[in-house]
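The values are calculated or read from the model by the stated rules, or taken from the named source; none is laboratory data. Just so it is clear, the structure is predicted and the values come from calculations on it, not from any experiment. So basically every Cβ, Gly included, is an ideal-geometry build from the backbone, and we count neighbours across all protein chains shown. Heavy atoms of the whole protein, side chains included, go into the accessibility calculation; ligands, DNA and RNA do not. Shrake-Rupley method; radii C 1.70, N 1.55, O 1.52, S 1.80 Å.
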Amino acid sequence: MLREFERGSSPVDWCESNYDITIFIAEFYNTISNVLFFVVPPLLVYLFRQYTRQVHWDVNIIWGLLVIVGAGSVYFHATLSLVGQLIDELAILWVVMAAFAMWTPRRLLPLAFQNNRNIFKAMVILFATVSSGLACIAPFVNAFLLMLFGIPAFVLLCLELGRCHSKRVVNLGIRCILMWVLSITCWLNDRLFCEIWSRMKFPYLHCGWHIMIFIASYTACVLFAYFHAMVETPEQLPMLTYWPRDSWDTIGVPYITLASPTKKVFYKYIT
């Protein structure tokens with residue numbers, strides 16, 4: 001067996017004690033806390049079926065990649081293997097790159113890409129491919145570098161929220177940003193202050209990271225899907241809606257519906 005596949009071959013070991021619950025799973029709670037990555041994306045595929053028909057189908061790529069992130073995280077925390085770590089981190093990289101490729105506003109793209117997003121997507125895929133190769137060289141720093149990719153996404157979300165006139169959308173954006181800040185706080189505390197939290201008998205902040213970063217990530221994707229539809233198909237009147245009841249805007253699952261769906265047409269701007 002290659003050493004990279006062996007248990008414990010990763011240079012990263014989170015604060016939770018290893019093999020405390022079962023001899024088969026290294027970090028038990030860090031493993032099972034990925035459950036939302038498997039439950040929510042299939043629901044979003046179902047909820048976004050009108051959006052995929054009328055606006056663009058590629059939002060489902062994001063939901064599929066989130067499942068891969070969850071699977072990679074489960075494999076990594078269950079084994080603490082280097083391969084598991086790389087699968088986990090590379091899946092996150094591709095989620096971020098896919099989101100940038102799909103939803104970077106047209107007005108912010110370089111002039112060479114403003115009339116054809118497919119070229120921009122190809123450049124992003126090339127960048128993600130090269131970055132994936134480089135990520136295998138120094139795995140220990142990958143997580144910190146991935147955090148840096150969250151900064152432009154955070155800035156872009158704030159810019160789009162500043163242009164939005166829907167109070168409901170803005171409120172969701174504020175909750176998304178708050179969840180993102182809390183998740184980063186959990187990640188940093190677990191990574192940098194493990195001894196303190198271990199002495200407090202609570203080495204489980206990375207579990208909170210899994211839960212809150214998933215909520216922040218999929219919520220941000222819903223928001224960017226809304227912004228994209230408002231620019232590209234405003235005549236269809238995109239609306240932020242919540243499942244299972246639209247009145248549950250605090251605990252419900254947000255998604256996008258179209259109040260005036262029309263037959264999909266080809267636009268001058270190639271998406």
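Got at least one residue in the stretch 226-247 being buried (at least 21 other Cβ atoms within 10 Å of the Cβ), modelled with pLDDT of 95 or more and more than 30 Å from Asn116 (Cβ to Cβ)? No, the stretch 226-247 contains no residue that is buried (at least 21 other Cβ atoms within 10 Å of the Cβ), modelled with pLDDT of 95 or more and more than 30 Å from Asn116 (Cβ to Cβ).
Among the numbered criteria (1) open to solvent by 30 Å² or more (accessible area, probe 1.4 Å); (2) aliphatic (A, V, I, L, M); (3) in contact (Cβ under 8 Å) with a residue 12 or more places away in the chain, which one does Met123 miss? Condition not satisfied by Met123: (3).
Would you mind stating whether Val83 is touching an Asp or Glu at 6+ places or on another chain (Cβ under 7 Å), of a type in the set (Val, Ile, Thr), under 21 Å from Arg3 (Cα atoms) and surrounded by fewer than 21 Cβ atoms within 10 Å (Cβ to Cβ)?
Numbers: touching an Asp or Glu at 6+ places or on another chain (Cβ under 7 Å): yes; of a type in the set (Val, Ile, Thr): yes; under 21 Å from Arg3 (Cα atoms): yes; surrounded by fewer than 21 Cβ atoms within 10 Å (Cβ to Cβ): yes.
Yes, satisfied.
Determine which single condition Thr104 fails, assuming it passes every other condition in (1) polar (S, T, N, Q); (2) out of contact with any Phe, Trp or Tyr (no Cβ under 9 Å at 6 or more places or on another chain); (3) surrounded by 15 or more Cβ atoms within 10 Å (Cβ to Cβ). Going through the list (1) polar (S, T, N, Q); (2) out of contact with any Phe, Trp or Tyr (no Cβ under 9 Å at 6 or more places or on another chain); (3) surrounded by 15 or more Cβ atoms within 10 Å (Cβ to Cβ), Thr104 breaks only (2). Of the numbered criteria (1) over 30 Å from Pro234 (Cβ atoms); (2) surrounded by 19 or more Cβ atoms within 10 Å (Cβ to Cβ), the one Glu160 fails is (1).
Of the numbered criteria (1) touching a residue at least 12 places away in the same chain (Cβ under 8 Å); (2) open to solvent by less than 50 Å² (accessible area, probe 1.4 Å), the one Ala138 fails is (1).
Quick check on Leu223: is it modelled with pLDDT of 95 or more, under 19 Å from Ala99 (Cα atoms), surrounded by 21 or more Cβ atoms within 10 Å (Cβ to Cβ) and touching a Ser or Thr at 6+ places or on another chain (Cβ under 7 Å)?
Working: modelled with pLDDT of 95 or more: yes; under 19 Å from Ala99 (Cα atoms): yes; surrounded by 21 or more Cβ atoms within 10 Å (Cβ to Cβ): yes; touching a Ser or Thr at 6+ places or on another chain (Cβ under 7 Å): no.
No: the conditions fail for Leu223.
Would a scan of the stretch 122-136 turn up a residue that is part of a loop (DSSP other than H, G, I, E, B) and either at pLDDT below 90 or in contact with a Cys (Cβ under 8 Å, 6 or more places away or on another chain) (or both)? Scanning the stretch 122-136 turns up at least one residue that is part of a loop (DSSP other than H, G, I, E, B) and either at pLDDT below 90 or in contact with a Cys (Cβ under 8 Å, 6 or more places away or on another chain) (or both).
Sub-6 Å Cβ pairs linking a first residue in the stretch 179-190 that is open to solvent by 30 Å² or more (accessible area, probe 1.4 Å) to a second residue that is part of a helix (DSSP H, G or I) and of a type outside the set (S, T, N, Q), at least 6 apart or interchain, are Met179/Met212; Met179/Ile215; Met179/Ala216; Trp180/Ala216; Leu182/Met212; Asn189/Leu205, ordered by first then second residue. Quick one: would you say Tyr218 is touching a residue at least 40 places away in the same chain (Cβ under 8 Å), in contact with a Pro (Cβ under 9 Å, 6 or more places away or on another chain) and of a type in the set (Ser, Thr, Tyr)? For Tyr218, the condition - touching a residue at least 40 places away in the same chain (Cβ under 8 Å), in contact with a Pro (Cβ under 9 Å, 6 or more places away or on another chain) and of a type in the set (Ser, Thr, Tyr) - is met.
If we only count helices (runs of 4 or more DSSP H) wholly inside the stretch 24-67, which ones have 3 or more residues that are in contact (Cβ under 8 Å) with a residue 12 or more places away in the chain and open to solvent by less than 20 Å² (accessible area, probe 1.4 Å)? Break it down into steps so the answer makes sense when it comes.
Working: elements: 28-32, 36-47, 49-54.
Of the helices (runs of 4 or more DSSP H) lying wholly inside the stretch 24-67, those with at least 3 residues that are in contact (Cβ under 8 Å) with a residue 12 or more places away in the chain and open to solvent by less than 20 Å² (accessible area, probe 1.4 Å) span 36-47.
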